[in-house]
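Down below is the structure, laid out as structure tokens.
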Amino acid sequence: LDEPAEGEAALERSLQQLEGIPLAAASWERDILPTRIGDFTTAQLDHLCQSGRFVWLRLQAAMLKNTGKDDRHRNPAVKSTPISFIRRERLADWRNYNAMADADGITLSGDASKVLDSLQQWGASFFQDLQDDTRLLPVQLETALGELVAWGLITADGFGGLRTLITPQPVLRRRAKRRPGYRPLAQAGRWSLLRQARAPRDDTHRFEVVEHIARVLLSRYGMVFRKLLDFETGLPPWRDLLYVYRRMEARGELRGGRFVEGFAGEQFALPEAMQTLRRIRREEKDGALVAIAATDPLNLTGSITAGDRVARQANNRILYRDGVPIATSVAGEVNYLEAMSAWSVL
């Protein structure tokens with residue numbers, strides 16, 4: 001990772017780089033954004049969402065059964081629920097390539113159905129309005145909202161709503177005792193339904209959608225090839241991305257070649273990414289250690305880097321030395337990938 005940038009503009013650039021990727025809800029503010037933004041605060045993220053620039057949601061809902069009806073109740077959103085951030089004007093683009101839930105095709109709990117009906121009738125609503133309309137107790141309404149979030153049916157103006165939903169109740173109760181009148185969900189802005197995805201208008205529009213996603217992937221990784229995207233989900237087919245990258249190469253926007261050894265197929269890189277690769281190759285190794293959460297998109301273990309795959313779970317960690325993974329922490333157990341002295345990890 002480079003040195004963290006600072007400010008809301010830097011946060012916006014990071015969210016654009018990470019657009020569309022589903023990561024554990026709790027990891028965004030705990031592991032992902034603080035490593036990229038030096039002065040990151042939750043208020044910055046809330047402001048970007050409340051201003052309408054970004055929307056958070058569960059982008060990929062579970063595939064429905066072959067019957068077209070899913071009769072399973074879904075647990076409310078938790079810390080591990082995969083959540084994505086997308087620029088609002090690009091939401092439809094990403095939803096075209098993801099399996100979105102249809103409220104008519106799933107079975108909701110009674111409380112969640114009441115909330116869904118209220119949102120369908122009255123549109124975006126504050127927590128208090130939903131409580132008045134549904135006559136649910138606050139804890140019942142919170143659970144119902146969490147269920148609808150987990151199905152990918154709703155979002156909220158700010159990220160504070162989800163932040164509260166995934167915070168354990170004992171923690172919320174302790175905060176309420178210390179701060180009389182503490183009602184975080186009442187201050188989370190409006191809750192609203194996510195519109196169903198619209199199919200591309202024509203082939204030209206479809207190409208524009210694929211090109212946008214292709215550019216996001218380039219921004220995310222600097223270079224792109226098929227194996228690199230093995231753990232990405234909800235993307236256009238590789239053949240469509242390949243068509244876009246070939247056109248970009250013909251226009252001189254990126255370079256094609258073999259930049260990473262050991263992987264077959266075409267590879268494409270941004271000019272600035274190639275310069276970085278050349279600089280890294282010339283520099284002497286200094287033994288720099290960097291630890292990342294396994295939920296980070298930079299976790300490419302088991303695909304690009306050697307060794308077994310480290311599951312993208314919240315408490316797993318990976319330690320790199322000069323860009324090479326040398327140790328992992330999985331379920332609290334530390335595994336050394338190469339012989340290390342005690343001094344090398346201090």
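Quick notes
- If the condition is being in contact (Cβ under 8 Å) with a residue 24 or more places away in the chain, over 27 Å from the mean Cα position of the chain (by Cα) and in a loop (DSSP other than H, G, I, E, B), then region 128-171 contributes only LEU136.
- Flag if THR305 is closer than 27 Å to GLU211 by Cβ and surrounded by 10 or more Cβ atoms within 10 Å (Cβ to Cβ): no
- When LEU130 is tested against (1) at pLDDT below 90; (2) buried (at least 19 other Cβ atoms within 10 Å of the Cβ), exactly one condition is not met: (1).
- The numbered conditions (1) surrounded by fewer than 19 Cβ atoms within 10 Å (Cβ to Cβ); (2) hydroxyl-bearing (Ser, Thr, Tyr); (3) modelled with pLDDT of 90 or more are all true for THR81 except (1).
- Qualifying position, being closer than 20 Å to GLU19 by Cα and among the basic types (Lys, Arg), among ARG251, ARG220, ARG246: ARG220
- Candidate set from region 164-215 (those that are within 21 Å of LEU141 (Cα to Cα) and aromatic (Phe, Trp, Tyr)); member that is modelled with the highest pLDDT: TRP191
- Residues located in region 6-20, provided they are touching a residue at least 24 places away in the same chain (Cβ under 8 Å) and either out of contact with any Asp or Glu (no Cβ under 9 Å at 6 or more places or on another chain) or part of a helix (DSSP H, G or I) (or both): GLU8, ALA10, LEU11, GLU12, LEU15, GLN16, GLN17, LEU18, GLU19
- Any hit, region 98-112, residues being over 19 Å from CYS49 (Cβ atoms), touching a helix residue (DSSP H, G or I) at 6+ places or on another chain (Cβ under 6 Å) and either acidic (Asp, Glu) or modelled with pLDDT of 95 or more (or both): yes
- Subset of region 30-46 (residues that are crowded, with 16+ Cβ neighbours inside 10 Å and either modelled with pLDDT of 95 or more or out of contact with any Pro (no Cβ under 7 Å at 6 or more places or on another chain) (or both)): ASP31, ILE32, LEU33, GLN44, LEU45, ASP46
- Any hit, region 240-258, residues being touching a Pro at 6+ places or on another chain (Cβ under 6 Å) and modelled with pLDDT of 90 or more: no
- Search result, residues across region 317-339 that are crowded, with 16+ Cβ neighbours inside 10 Å and β-branched (Val, Ile, Thr): ILE318, ILE326, THR328, VAL330
- LEU119 meets all of the listed conditions (1) open to solvent by 10 Å² or more (accessible area, probe 1.4 Å); (2) modelled with pLDDT of 95 or more but one, namely (1).
Matching residues to (1) out of contact with any helix residue (DSSP H, G or I) (no Cβ under 9 Å at 6 or more places or on another chain); (2) touching a residue at least 12 places away in the same chain (Cβ under 8 Å); (3) of a type in the set (Gly, Ala, Ser):
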{"site": "LEU228", "(1), (2), (3)": "no, yes, no"}
{"site": "PHE231", "(1), (2), (3)": "yes, yes, no"}
{"site": "PRO236", "(1), (2), (3)": "no, yes, no"}
{"site": "TYR245", "(1), (2), (3)": "no, yes, no"}
{"site": "GLU249", "(1), (2), (3)": "yes, yes, no"}
{"site": "ARG258", "(1), (2), (3)": "yes, no, no"}
{"site": "GLU266", "(1), (2), (3)": "no, yes, no"}
{"site": "PRO271", "(1), (2), (3)": "yes, yes, no"}
{"site": "ARG278", "(1), (2), (3)": "yes, no, no"}
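Yes/no matrix, rows are residues, columns are (1) within 25 Å of PHE207 (Cβ to Cβ); (2) among the hydrophobic types (A, V, I, L, M, F, W, C); (3) loosely packed, with under 11 Cβ neighbours inside 10 Å:
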residue	(1), (2), (3)
VAL260	no, yes, no
ARG281	no, no, yes
ASP296	no, no, no
ASN315	no, no, no
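- The residues listed here are LEU241, LEU235, LEU194; of these, the one that is within 30 Å of ALA43 (Cβ to Cβ), among the aliphatic types (A, V, I, L, M) and buried (at least 18 other Cβ atoms within 10 Å of the Cβ) is LEU194.
The values are calculated or read from the model by the stated rules, or taken from the named source; none is laboratory data. Keep in mind that what you see is a predicted model, and the values were worked out from it rather than measured. Cβ: placed from backbone, ideal geometry, glycine included. Neighbour counts: every protein chain shown. Accessible surface areas use protein heavy atoms only, side chains included; no ligands, DNA or RNA. Shrake-Rupley method; radii C 1.70, N 1.55, O 1.52, S 1.80 Å.
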